[in-house]
1. Kindly identify the chain as rounded, prolate or oblate by the Cα gyration tensor criterion: order the square roots of the eigenvalues as a ≥ b ≥ c, call it rounded if a/c is under 1.5, otherwise compare a/b with b/c, prolate if a/b is larger, else oblate.
2. Mind listing the long-range amide H neighbours of Met135? Cut-off is under 5 Å, sequence gap 5 or more, other chains count too, H placed in the peptide plane at 1.01 Å from N.
3. In square nanometres, what is the average projected area of the Cα convex hull of the range 107-204?
4. Which one, Phe86, Phe183, Phe39, has the greatest fluctuation when you compute a Gaussian network model over the chain with C-alpha springs under 10 angstrom?
5. Given R₀ = 35 Å, what would the calculated FRET efficiency be for Phe98 paired with Lys207, taking r from the Cβ atoms and rounding to 0.05?
6. So which residue, out of Leu197, Leu217, Leu118, gets the largest mean-square fluctuation from a GNM of the chain using Cα contacts under 10 Å as springs?
7. If the chain between Ile62 and Asn245 were fully stretched, how many nm would it gain, using 0.36 nm times the residue separation less the Cα-Cα distance?
8. Lysines near Lys74 by alpha-carbon distance under 16 Å, same-chain residues fewer than 8 away left out - which ones?
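Read-outs throughout are calculated quantities, based only on the coordinates presented, and are distinct from any laboratory measurement. Bear in mind that the values here come from a model prediction, so they are computed numbers and not experimental data. So basically every Cβ, Gly included, is an ideal-geometry build from the backbone, and we count neighbours across all protein chains shown.
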Amino acid sequence: MTYKTKFIAEIGSNHNRSLKRCYKLIDEAKSLGFFAVKFQLFKIEKLFSKGAKKLFKNAEKIKKRELPRKFIPKLFKYCKKKKIKFSCTPFDIDSVRFLQRYVDFYKIASYEINWRDLLEACAKTNKPIVLSTGMTKLKEVNKAYATIKKFNNKISLLHCVSAYPASPKSCNLKSIPFLKKKFKCPVGWSDHTANPLIILNAIKYQKAEIIELHFDLEGSGWEEKEGNHHCWLSSDVKKMMNYINNEKIIEGSFKKDYSKEEKNERKFRADPSDGLRPIKTYRARL
């Protein structure tokens, strides 16, 4: 069984502000079959209101998680070299302008879906846009989609549950085909469950065209170390991709027969004449 789903590796803050680690994440994402890697470009001062004093004070403590702007041109070149798409989420208008010459597509976060100016700024670049729809009502998705559509037809939507981690019971994956029918554009799933069964359902039954996974190498990324465990580790992605890519072989056929891996073990079954192992024709050889 072959799926045409495109996987995006959301790096988040798992870069740990290290360019070398960024390259490792890109290399691993490429080897695992991801279509693209996605970073985030934000400044705490432009992300949180100083009016919310307690929230802003807490936010300043994680200022180190900002991706250095000087990394962007290098990441773009490295992705191009590795033949994997490069994307980034802008969280302010200036970042939209800066990213324009580098990104293959913009990813707009759920938290910014009602910010008309940001939507328009991304749309006017004529770059493809992937828009997450976490926390939204349908009328909010309608409005955001219409805003982008005025300037840009290259829109994809990601159904999303903005909880970290998200409970499988809150996923409502049937929103994927609903949004696809409603907006007649590619629709996928932005995952915060880190549950392979959710991904399989989204792809196999809801026909998700895009899957976004928060991605880390080995669990030492800043985002994963928060303890929410909504990120996918490389080893877990590998297992899931192996199943997805080999599902047809795994399912097999309607014919009941032993596998090649079992051929040698057949010799060690109990002999029907005395119930002892291995079968008599093989005992003398041991």
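1. Judged from the Cα gyration tensor, the chain comes out prolate (a/c at least 1.5, a/b above b/c).
2. Ser162
3. Convex hull of Cα atoms, orientation-averaged projection: 5.8 nm².
4. Looking only at Phe86, Phe183, Phe39, the biggest GNM fluctuation is shown by Phe183.
5. With a Förster radius of 35 Å, E is 0.50.
6. Leu197
7. Here the answer is 62.1 nm.
8. Within the straight-line cut-off, Lys74 pairs with Lys20, Lys24, Lys38, Lys82, Lys83, Lys85.
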